[in-house]
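Here is the structure we will look at.
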Amino acid sequence: MADPDADSYIVQGFRDKSEGPWRWALDHPILRFYLPQVTSINFNMQFTFPEQTFRQTGPVTLTFLMNGHPFDQVRYTTPGEQHYAHPVPVNLLHLDALNTVAIEPDRTASNGSEKLGFVLTRAGFSE
Amino acid sequence: MLPLRILFGAVFTSAACLGLGTRALGAANKDWAVRFVTGAAILSLAVFAICALDVAYWPLFLAVGMVAIWLGRPWHMPARPKPTGIELLLLLIFAIYFMVYWSNAMAPEASPDGATYHLAFVARYFREHGFHPITWNMYASLPEGLEMLFLFAFAFGRHSAAAMVHLAFLVALAWQMFDYGRRSGFPIPAACGALLVFASPLAGIDAASAYNDVALAAVAFTLFNLLQSWDLQRSTRLLPAIGLAAGLAFAIKYTAWPGLLYATGYVFYKSRSFKSIAIVSSCSACVVLPWLFKNWLWVENPLAPFFNNLFPNPYITAAFEASYRHDMTLYDLATRWQIPMQVTVRGGLGGLLGPVFLLAPIALLALRHRAGRQLLLAALVFGANYFSNISPRFLLPMLPFVALAMALALSAVPALLLAITLLHAVISWPTLVPKYAAPNAWHLSKVPWREALRIKPAAHYLETHLFYWNEMRMVEAYTEPGASVFTYKPIPESYTSRRILVQYESEPNQIAGRLIQIAYDPQVQPIWRLRLHFPRQPLEAIRLVQTASGDEQWNIHELRLFDGAAELPRQPSWRITAQPYPWTIQQAFDNSLLTFWRCGDTLHPGEYVEVDFSGTEPIDSVLMEAEPNQPDLRLNLMGRLQSGEWLKIASPPEIFEAAPPLGLRRAAASELKLRGIDYILAWEGERETADLRRHPELWGTRQVAQTKDAKLFKLEVGQASRPVPRF
């Protein structure tokens, strides 16, 4: 999220701007990535459940969808920094094209005007 | 049959040298060894011409050799005085060592450099019937004066014939040392000095291999011998031979260049005759210039692979040269004070001269003799470049002079001299050397007479004596003729017709190796971004100027220019250049994050990349995408206004990191294939290819064979996997 071009990876569901190298993900965050020809690939994410919001939500389950198809679901029972890495089935990918990754939290906290999911620091694919 | 062919190749080549030398020197010098070396210079030059004309066929070599031998008529050896008892004893030791060397030279060629490159080029020239540009291997740019003689012998007896020609130079050297001493009035010390050199473990294995150091020593001593003879006789007929010998020394190894000054300086000092200088210089030039011209023509640097700062070229960079030179000056030593023990006793720098050469300082006592002063002057000349490469092989050219001076210094105590010589002969015996030398010291280990006569098959000998023989066989068996194989370690290329691209041997090879690393190693992937902003303005050109000094090389994977959020599309009319390495700058403008430009030298102020738009372009920022390993890099952005004036236009850059790009492995495999590489030889335990060995499917490569130590991968994206044969 420190990348000045980070906006170009966001489809929806994030706060517009952030002070530091992180950004609030809201209730339906979706990212997009261009993927070249690959034979196997992992989706990686570094994010945080702040204690304040976690007190409101309790344990959160994130559902990961690749181009609209779910490929993983993880339940987080503690607040704090989290690292996620998981292989994505190649048949869900659009190679040499743009792909969307949706990360759906089952619970969000509210600050009155927004539904807050988690704080995203970095996300992307690795081989 | 092969032993006969080997013997014929070696004897025929030596006889051709002798014939040509006899004709060149006539009655001015009747010593067979001087004639042999003088003739070697002429034959070397003739073979160069044959290769340049692309007519290197064995029938032509046969014809040339027969004419050369015919020119040497009448064939007779001058009568020699009957040897004394001590001389006979020494002669017996010479004979015993000669048999050891003969059997090793005639055995299948298993020396590291001989099998890897000296004879690799010889085999290629023979296969292709002449010279063709070899830009992928820096060793091909070294002068190959001796390799021309190897080629002549190779045409008949292949590898071993070439090694035996080298051995002939050792015999010629020892004989000349003895003969010089005898003429100068110290025959027994001279015989002892000659034996010190002849029995030296390094001289022995070097001469029995297709190397060139002993030949250079022989040529250096021939030059000395000719100069001494000329000083006595003042025969003009010796002057061309002096020039040829000095030229051949240079044509064997660059480090012998002081020999050119020695020859001309000596003749001028003694004669004050410009005509004599002209004869010597022009004959030297005849041997030297073809090699310089060949390099200039093919690799844009007459002195390749050195002096790349003076002669910039795409094949070897100044950065590589600096690091190579640095490595050669110290190898793995902690201090230069370790050199004397290493080069004489331990052999950790690639061979050992023999422990008695720890006594070399006593050679200084010979300064009280005229002959001693002449010998030590020659030792200085041919040892002047030693510290540019501290391998003891680079001491061999000066060794005969030092050995003779040592013997001369000890001549006042003949019993001591004889005792030292006999001790040297004993402890230099191949089976005794391991008792005091380092385990990895290069020396002969046995008398392989069965292998020499091919009673035992060559393959088994090579498998046990030659590094990476099995890998070479695998390459030969599982790649198609003409294929290019990339490897981080050299293999014995002289036994394969495939093109072996060794990572460090040229800049394009190094770039190929870097592409492999970039593909998988996050430490060197192009995640670094440096953006320079400035007020939008129309510019005719931009120049990114590097202003700092440092040990790293500036690299750029992509350089992008922007007008607001829109990137300026690259136009065919743009003129892109860079200094000091302009040849690959288009790789920074090819829209591939894998490929890159690097500047060819360590960081120095003034290095730059320039884009000339051939018109004007509105522009407000420049983005450099690069590897993060350049912390000392400092950049200024200059812009050329419509007025033609260059101005600094950007404030300090914004630096950030991007995500590692995906798909680099397949991109690297495709890129390497595009660059003409068909296979990668990946070695067990090798860091650079560890990822390829573990995940060949991610690279789009197919493993086609393997040995215990290496796997061979074919670069072909999308090929279905098949069972992998073990080799």
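In terms of overall dimensions, the C-alpha atoms belonging to the protein assembly as shown reach 116, 66, 52 Å along their principal axes, ordered largest to smallest.
Comparing A:Leu26, A:Leu95, A:Leu65 in a Gaussian network model of chain A (Cα springs below 10 Å), the most mobile by mean-square fluctuation is A:Leu95. With R₀ set to 25 Å, the beta-carbon distance separating B:Gln586 from B:Ser614 gives a calculated FRET efficiency near 0.95.
Per residue of chain B, the DSSP helices (runs of n ≥ 4 H) give a summed -39500 (n - 2.57) that works out to -15000 deg cm²/dmol at 222 nm. Listed by chain and number, the aspartates and glutamates placed with their C-alpha closer than 20 angstrom to that of B:Lys456 are B:Glu109; residues fewer than eight positions away on the same chain are left out. Each part reduced to its alpha carbon centroid, the range A:43-96 and the range B:558-583 end up 40 Å apart. The Cα atoms of the range A:6-126 cover 42, 28, 21 Å along the three principal axes, with the biggest extent listed first. Given their separation in residues at 0.36 nm each and the Cα-Cα distance between them, B:Thr547 and B:Phe268 gain 95.6 nm when the chain is fully extended. Over the Cα atoms of chain B, the radius of gyration divided by the Kirkwood radius equals 1.03; this is the Rg/Rh ratio.
When the helices of chain A are scored as -39500 (n - 2.57) per DSSP H run of n ≥ 4 and the total is divided over every residue, the value at 222 nm lands at -1500 deg cm²/dmol. Per residue, the average separation of C-alpha pairs within less than 8 Å and at least 6 apart gives chain B a relative contact order of 12 percent.
Listed from fewest to most Cβ neighbours within 10 Å, the set B:Val381, B:Val55 follows the order B:Val55, B:Val381. Applied to the range B:211-219, the Karplus parametrisation 6.51 cos²θ - 1.76 cosθ + 1.60 on θ = phi - 60° returns per-residue 3J(HN,Hα) values of 9, 9, 5, 5, 4, 5, 4, 5, 5 Hz, with x for Gly and Pro. Under a point spin-label approximation (7 Å from Cα along Cα-to-Cβ), what is the B:Ala659-A:Gln52 distance to one decimal in nm? Label at B:Ala659, label at A:Gln52, 2.8 nm between them. Taking 0.36 nm per residue of separation and subtracting the Cα-Cα distance, full extension of the segment from B:Arg694 to B:Leu53 would add 226.0 nm.
Place a label point 7 angstrom from the Cα of B:His132 along the Cα-to-Cβ direction, then list the residues of the range B:479-503 whose backbone nitrogen is under 16 Å away. The answer is B:480-485, B:496-501. Proximity of backbone amide H atoms, modeled 1.01 Å from N, is registered between B:Gly348 and B:Ala438 at under 5 Å, excluding neighbours fewer than 5 places apart on the same chain. Take every DSSP beta bridge whose two residues both sit in chain B; close to 85 percent of them are antiparallel. Restricting the range B:1-91 to trypsin sites (Lys or Arg not before Pro) that sit in a DSSP loop and have at most 15 other Cβ atoms within 10 Å of their own Cβ leaves B:Lys30.
Contact order for the range A:6-126, expressed relative to its length and based on alpha carbon pairs under 8 Å spaced 6+ residues apart, stands at 39 percent. I'd like the distance between the alpha-carbon centres of the range B:649-710 and the range B:241-267, rounded to an integer number of Å. Centre-to-centre distance over Cα atoms comes out at 47 Å. The B:Ser235 and B:Ser497 beta-carbon pair, evaluated with R₀ = 45 Å, returns a calculated FRET efficiency of approximately 0.40.
The antiparallel fraction among DSSP beta bridges confined to the protein assembly as shown stands at about 90%. In whole Å, what is the distance between the alpha-carbon centres of the range B:317-395 and the range B:146-220? Each part reduced to its Cα centre gives a spacing of 19 Å. At full extension, B:His460 and B:Met77 could sit 133.8 nm farther apart than now, given 0.36 nm per residue minus the alpha carbon distance. Its Cα centre serving as origin, the range A:61-127 has a Cβ charge dipole (Lys and Arg +1, Asp and Glu -1) of approximately 200 debye. Percent of C-alpha pairs per 10 Å bin in the range B:192-323, short distances first: 12, 33, 30, 21, 4.
List the residues of the range B:626-654 whose backbone N lies under 19 Å from a point placed 7 Å from the Cα of A:Asp7 along the Cα-to-Cβ direction. Only B:654 pass the distance filter. Straight Cα distances below 20 angstrom link A:Lys115 to the lysines A:Lys17, with same-chain residues fewer than 8 positions distant left out. Note on B:Lys30: lysines with a C-alpha under 21 Å away, same-chain residues under 8 apart excluded, are B:Lys82.
Quick note: the coordinates plus some simple rules give every number you see, no bench work behind them. Computed from a predicted structure; not experimentally measured. With ideal geometry, Cβ positions are generated from the backbone for all residues, glycine too; neighbour counts draw on all protein chains shown.
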